[in-house]
Amino acid sequence: MLMLKFYLVLFMTLAATANAGAWPRGKGNGFSMTSVQATAHSLADPAHYYFSSYAEYGLTRKITLGGDIGHSVSGESKLILFLRHPVLTLNDKHHFAFELGAGVVANDAVIRPGASYGSGFSRWGRSGWFAIDILFEHHIAAGSTDFKADVTYGLNHPQGYKSIFQIQSGKQVGDPSFLRFAPSVAIPISSSSHLELGGTINMIGAANYGLKIGVWKKF
């Protein structure tokens, strides 16, 4: 509960102070991301491999339909469909959106509400974005709720390159909280696609390291 309160305060504080704006996908516009991640406690230990696939499509100018396949906060397999809608814009810089998803995690039905704050900025000749994403995975049968929050800072570079710095955190019922640092770089491979190469390292909890490779595509 203490961690949850901390992130709710963090969400409101950053939303009030950052130069930013979030955006819906837009009618007829789509985005997809597919990735594979390998994690291990050390180079000598066997690795575990995780597959993820994520997609968004603009149903209307404001409503975005999405699909999220891969692994949940608990590490179990998941299939979630969701709808996202913007709810507030402050000074054309601070945009807020809420979403509601439903699906299956490890064969259990879940409801997944979430909130997002995103930002775009341009200063000193460089543009980028800032985002906070909070999700709650509520397991209906068990009556338990897992929690996840990501904070992302990204920069755009010449020729379409991007650098991304993300803090990933969460709490599954019955398990310790986790906190990870996940930097990556996105390399343009076509006019609408990027290859993402990145890694993760645990900042709280047992030592754990990861490598990630993924492909983004706009359509």
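The values are calculated or read from the model by the stated rules, or taken from the named source; none is laboratory data. None of the values given here were measured: they were computed from a predicted structure. As a convention, Cβ positions derive from the backbone with ideal geometry for all residues, glycine included, and neighbour counts pool all protein chains shown.
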**Fill in**
Considering only strands (runs of 3 or more DSSP E) wholly within region 82-186, the ones with at least 3 residues that are out of contact with any Asp or Glu (no Cβ under 6 Å at 6 or more places or on another chain), farther than 21 Å from W23 by Cα and in contact (Cβ under 8 Å) with a residue 12 or more places away in the chain are 94-105, 108-123, 144-156, 162-171
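Let me confirm something: among A15, A38, which residue is modelled with pLDDT under 80 and among the small types (G, A, S)?
Only one candidate passes the filter, namely A15.
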**Complete:** Scanning region 182-213 residue by residue, the ones that are buried (at least 16 other Cβ atoms within 10 Å of the Cβ) and farther than 18 Å from L155 by Cα total 6
**Fill in**
Checked region 187-219 for anything β-branched (V, I, T) and touching a residue at least 40 places away in the same chain (Cβ under 8 Å); matches are T200, I213, V215
**Fill in**
All conditions in (1) within 23 Å of K27 (Cβ to Cβ); (2) surrounded by fewer than 17 Cβ atoms within 10 Å (Cβ to Cβ) are true of P113 except (1)
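Could you please let me know if T60 is polar (S, T, N, Q), over 18 Å from the mean Cα position of the chain (by Cα) and part of a strand (DSSP E or B)?
Numbers: polar (S, T, N, Q): yes; over 18 Å from the mean Cα position of the chain (by Cα): yes; part of a strand (DSSP E or B): no.
No, not satisfied.
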